[in-house]
1. Can you name the residue in region 190-214 that is over 17 Å from residue 241 (Cα atoms) and of a type in the set (A, V, I, L, M, F, W, C) and is also surrounded by the fewest Cβ atoms within 10 Å (Cβ to Cβ) among such residues?
2. When you look at residue 217, is it within 17 Å of residue 241 (Cα to Cα), part of a loop (DSSP other than H, G, I, E, B) and of a type in the set (A, V, I, L, M, F, W, C), yes or no?
3. So, in region 19-75, exactly how many residues are over 23 Å from the mean Cα position of the chain (by Cα), within 29 Å of residue 280 (Cβ to Cβ) and among the charged types (D, E, K, R)?
4. Look at region 15-37 and say how many of its residues are part of a loop (DSSP other than H, G, I, E, B) and in contact with a strand residue (DSSP E or B) (Cβ under 7 Å, 6 or more places away or on another chain).
5. Considering 249, 238, which residue is in contact with a Phe, Trp or Tyr (Cβ under 6 Å, 6 or more places away or on another chain) and touching a residue at least 24 places away in the same chain (Cβ under 8 Å)?
6. Which condition from (1) outside any helix (DSSP H, G or I); (2) within 17 Å of residue 279 (Cα to Cα) is the one that residue 4 breaks?
7. Of all residues in region 257-280, how many are surrounded by fewer than 20 Cβ atoms within 10 Å (Cβ to Cβ), in contact (Cβ under 8 Å) with a residue 60 or more places away in the chain and outside any helix (DSSP H, G or I)?
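The values are calculated or read from the model by the stated rules, or taken from the named source; none is laboratory data. Model, not experiment: these values are computed from the prediction. Cβ placement follows ideal geometry from the backbone for every residue including glycine, while neighbour counts extend to all protein chains displayed.
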Amino acid sequence: MALAVALDLGVADSIHRRGGAATLSHILADANLSPFKLHALRRLMRALTVSGTFTISTTSSSTEPFYELTRASRLLVRDDVAVDVLSLVLNPFRVSPLGMGIAAWFRRGDGDGEVAPFAVAHGKNIALVNEAMAADSRFVMRIALRECAEVFRGIESLVDVAGGVGGAAASIAKAFPELKCSVLDLPHVVASAPSGGNVRFVAGDMFQSIPPADAVFLKWILHDWGDEECVRILKNCKKAIPPRDKGGKVIIIDMVVGCGSSDAKHIETQVLYDLLIMGINGIERDEQEWKKIFFEAGFKDYKIMPILGVRSMIELYP
């Protein structure tokens, strides 16, 4: 997918025409892309450098890093005889339609609130995502409660924000029967939630307000949103919890790119997943990007525990 997008945008051609090294700004200009796409282009190039398709270097004379061709990416230059073969191999009927949607999306000039690449490719959303998230909750919580049980000890109440039909909250409530668990989600989601269990459901909107609790739980939620939206959500989380000395905290399960195993395949999986989540306007953040939104939301400290494969558990303190 990333190769197909790079070929479509002429990334290798841009680098080649500029003598073998080009900055993101150069590539953006040569591809005639909107400035709104600079951050997304950086994420694309991160994936392509981690995979070894391009290399990246810095110089004292430039504030931007330079991207350079490798033996592999030279094959993407359009005056190379191999490019026609690659064009066939990377044709839309041979790769994911979502990948080609991203290439078309790059060429749109939209800013915030734009149509997601998946919608550009397909013109619709899929229920499969919701089903996958429910299954993911069952899988992840089994590991989280085994490896990080201490995170939940001592908490008297917890609200799972955008917790769907309560899979994660039910797992927490089962492991800690004394813990009062509730789920906040949109009214149409809450309407389909199971009844009669030990989890309370609250209809609402995390962008408006969050019910008060000792802890707020966010599992794979923030990566769906841009920085501005994340800060709004986290500010509401901060309003909902008591001070740190009273046990207040936010518990986040999400990806922290570059955190965890130093194995190349581990990091490659993280950055390639970032390209996948780009398809629905999401973003996988590194620690500095997380730190920025944490502090902008008014939090003072955090702790990252990379115990969930490519994902981490984060404790965030007011």
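1. For region 190-214, the residue satisfying everything is 191.
2. Values: within 17 Å of residue 241 (Cα to Cα): yes; part of a loop (DSSP other than H, G, I, E, B): no; of a type in the set (A, V, I, L, M, F, W, C): yes.
Criteria not met by residue 217.
3. Looking only at that region, the number is 2.
4. As a first pass, look at region 15-37 and keep what is part of a loop (DSSP other than H, G, I, E, B): 18-20, 23, 31-34.
Narrowing further to those that are in contact with a strand residue (DSSP E or B) (Cβ under 7 Å, 6 or more places away or on another chain): 20, 23.
Going through region 15-37 one residue at a time, the tally reaches 2.
5. Working: 238 fails: in contact with a Phe, Trp or Tyr (Cβ under 6 Å, 6 or more places away or on another chain).
Residue meeting the stated conditions: 249.
6. Answer for residue 4: the failing condition is (1).
7. Matching residues across region 257-280 total 1.
Every residue, every condition in (1) at pLDDT 80 or above; (2) of a type outside the set (Val, Ile, Thr); (3) at positive phi, yes or no:
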position	(1), (2), (3)
35	yes, yes, no
42	yes, yes, no
56	yes, no, no
63	yes, no, no
90	no, yes, no
95	no, no, no
